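Everything below concerns the one structure shown next.
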């Protein structure tokens, strides 16, 4: 009976074969595990095309910029020298969900990649709350196309170099182009185009108003002097520049907006590395095992799969020469599997730590976990003592006030909570990236812009790169820009200025 | 549920524009790297791509990030011996213990060089750039093997311009003969029989009538064989043959007396390289002979040619004499194209210059295809220049030039390239 179900026993793939795999995998994924996915568009590409896709940081069509060329050159070099294998797959958060498979993959790899990308990542993109709020999968391709054409048009009108330099500056601030707390408005090509003109005109008029130089009565002036602009600190630097930078041309504002929108599109991916990969890995692992149970694949397939799977989820210990931090695939996969375990066979410890999920339906629990968390909260919520023991986690405190490093917690009873919090914090973008906000514009004086870096655990800014970014910011703002640092006692210190003052 | 699309046949060079932009942006650094690469590689090794190093910090894209310092707690896996409260010295450089590695990567800026490979075209483009080669020459040099179409027999199909008339008519003649042959034979027999009938008396009227009719008929048949048929047409056949099919030898002569410093030698190297490139385009096999001289000349390998230092006076004729000897012994004009490139700072022992002129006129110029001489000096010319001017007056394929920058090199070869281009 199982004989008849076997899909293939060759390692060379064919189109009918991968279509059949996709069909079977899709059935199991949707019917048994209730995955909710975008329709899939699976594209077979060559290694060269994969390098192209790589260098445009996963955007299927990006505007032209030298930094992508640099990325390409780098990828190509590493690949040609054999220092790096290409990823087997790239998947794009869009509707339909585009997954690229490389033609060099074996039949097993194609099936694995379909399960991983076309069902794992796909359902994550569709389900996770961050992706739902921040990105609109149905509009991204159109928007990228719009951006690409707009940039090309600008290059034609204003010169490639001007556009490229301007984009450099925007890229430098890309990580500060998102509203962390406000909900963004969804992207839509038609609206974008329609509104773009109006926006240009409107913005320009607004800005002129802001910078009006017509003298006003001294009394009012004094009153306004006290009033800061912006009234509240702004965390979205690019947005602030787009709306308030005095000297930008309309097209430049539009470019700022494009970079900002793309930053926003990638923002969820940066916050859900562990979850996204963990989820996709867990899904492919589960689906592949189901295929095997059902007799769709044979032992050889399974052995090849397990070999590849285990190398993906392998975690090197900290003292290994190739150790480079915690492997998000390993951690994510282990946590997802662990939640399944807690649901199915909870121990006393699990019941104590996770009373809500111990013994529950694992499919529902995992679905809930996948939908409603990001890395930080996911770890804070679900990292179990058993996993900390399995990974043998320990926390090292590096404090520049102390001469030595201190091990502050290990995988034992008193250490669990501290470990878990510290690990969650490690994935918190808010603490990973410096907290920098627009503080003030001296709009009645020299129009200088002041940013404030609120220090977290006394961590300073990297001084060299800060100077460089300030130069970029100065290009966007047009007048003096300043960086101040506020330490935990509220003491303010000037960190840098461009053009260098004094 | 899923759409499968085979994209493998789509273009694969989506990133080439971005790559070009990258190269343009870092042209300054890349050019420096190319110049350095030129010093490092041999003249004959010009025709490959090149690995280029750019210091990573030059092309970093800065972002706000944390610097070292402050208080941070990092989580690491694989604990074996630590317990809470253990203290240890801060690892130097970070890599060793791994502790701190995780966080550092957020801010770490790799200072490794950014290495990548230029393609052959990109490399030559940059190499040519300050030589100020005209575009035509540039493309001519950068192009890979060129094919020349050569005649190779005849074919029965082709375009009308290639019809070979003689061949076609010869074919037609043969065909006419062949096709008419049965009739001609019968005709001949019929005529002979008729003759016989007419000679005999009494004449067999009836038979004669029949024969005359047959003869008429046969003549008509023979005439009906077409004079020329499409079948007869023969066309000249042409095949593409790789063009460089001959061999050349290039003599590099350089003055290595003390006054030739590094910079001058670099210039000379570019000069030799350019000639080499040109020759490579035109000849399948090229040998390079390096001859250096001060007061005595010596044939050396490339390494020694460019990098060993000598001091002493200068007797140019020694080198010319050696060149002439080598030519005569090893490179007979019948099977070699000879090219000579000479670089010098113009210094020569005063009484030696007329000897140089005579040597050139008698023993070298009659045999070489081209002789290029550059004088790398900002000073006034000395006797050697004057002697060479006399040579130039007599031989159009003698080129000389005083240069002080790479841009001056090309004009020396101008005639050489011009002749080939046309």
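Going by the alpha-carbon gyration tensor, a ≥ b ≥ c the square roots of its eigenvalues, is the stretch B:160-237 rounded (a/c under 1.5) or, if a/c is not under 1.5, prolate (a/b greater than b/c) versus oblate? Because a/c hits 1.5 or more and a/b exceeds b/c, the stretch B:160-237 counts as prolate. Can you give the relative contact order of the stretch A:313-430 as a percent, counting alpha carbon pairs under 8 Å and 6+ residues apart? Here the relative contact order equals 19 percent. Considering only alpha-carbon pairs that sit under 8 angstrom and 6 or more positions apart, the relative contact order computed for chain A is 15 percent. Rounded to the nearest 10 degrees, the inclination of helix A:299-312 to the longest alpha-carbon principal axis of chain A is 30 degrees. For helix A:362-372, what angle does its Cα long axis make with the longest principal axis of chain A, in degrees from 0 to 90 and rounded to 10? Tilt of helix A:362-372: around 10 degrees. Binning all Cα-Cα separations of the stretch B:245-421 at 5 Å, short to long from zero, yields these whole-percent fractions: 1, 9, 19, 24, 23, 16, 6, 2, 0. Each peptide in B:284-295, B:262-273 gets a packing score, the mean of other Cβ atoms within 10 Å over its residues, and the list from highest to lowest is B:262-273, B:284-295.
The Cα atoms of the stretch A:103-152 give a gyration tensor whose axes a ≥ b ≥ c have a/c of 1.5 or more with a/b no greater than b/c, which makes the shape oblate.
Shielding of peptide A:405-418 by partners, expressed as the average count of other chain Cβ atoms within 10 Å per residue Cβ, is 4. Here each label is just a point 7 Å from Cα along the line to Cβ, and for residue A:270 and residue A:200 those points are 2.9 nm apart. Remark: relative contact order (the stretch B:245-421) = 23 percent; criterion is Cα-Cα distance under 8 angstrom and separation of 6 or more residues. Which whole-angstrom value gives the distance between the alpha carbon centres of the stretch B:374-415 and the stretch A:413-449? That distance is 69 Å.
As a calculated quantity, the FRET efficiency between residue B:51 and residue B:27 at R0 = 22 Å, using C-beta atoms, amounts to about 0.85. Counting neighbouring Cβ atoms within 10 Å and putting the fewest first, the residues B:340, B:150, A:407 line up as B:150, A:407, B:340.
For chain A, the C-alpha radius of gyration divided by 2.2 N^0.38 Å, with N the number of residues, is 1.10.
Rounded to the nearest 10 degrees, the angle from helix A:189-210 to the longest Cα principal axis of chain A is 30 degrees. The three principal axes of the C-alpha atoms in the stretch A:403-502 carry coordinate ranges of 58, 26, 25 Å, sorted with the longest axis first.
Here the label points at residue B:261 and residue A:352, each 7 Å from Cα along the C-beta direction, are separated by 8.1 nm in the simple model. Once the Cα-Cα distance is subtracted from the 0.36 nm per residue extended length, the residue B:381 to residue B:149 segment shows a gain of 78.8 nm. Fraction of C-alpha pairs exceeding 18 angstrom in the stretch A:324-391: 31 percent, rounded to a whole number. Here r is the Cβ-Cβ distance between residue A:247 and residue A:464 and R0 is 35 Å; the resulting FRET efficiency, rounded to 0.05, is 0.85. Stretched out straight at 0.36 nm per residue, the stretch from residue A:103 to residue A:447 would grow longer than its current Cα-Cα span by 118.2 nm. With both labels modelled 7 Å from their Cα along Cα-to-Cβ, the residue B:206 to residue B:296 distance reads 11.4 nm.
The shape of the stretch B:168-212 can be summarised by an equivalent ellipsoid whose semi-axes, obtained from the alpha carbon gyration tensor, come to 33, 8, 6 Å from longest to shortest.
Can you figure out the FRET efficiency of residue A:493 with residue A:161, using R₀ = 35 Å and their beta-carbon distance, to the nearest 0.05? With R0 = 35 Å, the Cβ-Cβ based efficiency is 0.45. For the stretch A:313-430, the Cα-based Rg and Dmax, in that order, read 15.1, 50 Å. Evaluated at 4 °C with a viscosity of 1.567 mPa s, what Stokes-Einstein diffusion coefficient in µm²/s does the stretch B:180-297 have when Rh comes from the Kirkwood expression over alpha-carbon pairs? Approximately 58 µm²/s, per Stokes-Einstein.
Rule-based calculations on the coordinates, nothing more; no lab input. Values in this document were obtained by computation on a predicted structure and should not be read as measured data. A quick note on method: Cβ atoms are made from the backbone with ideal geometry, for glycine too, and the neighbour counts reach across all protein chains shown.
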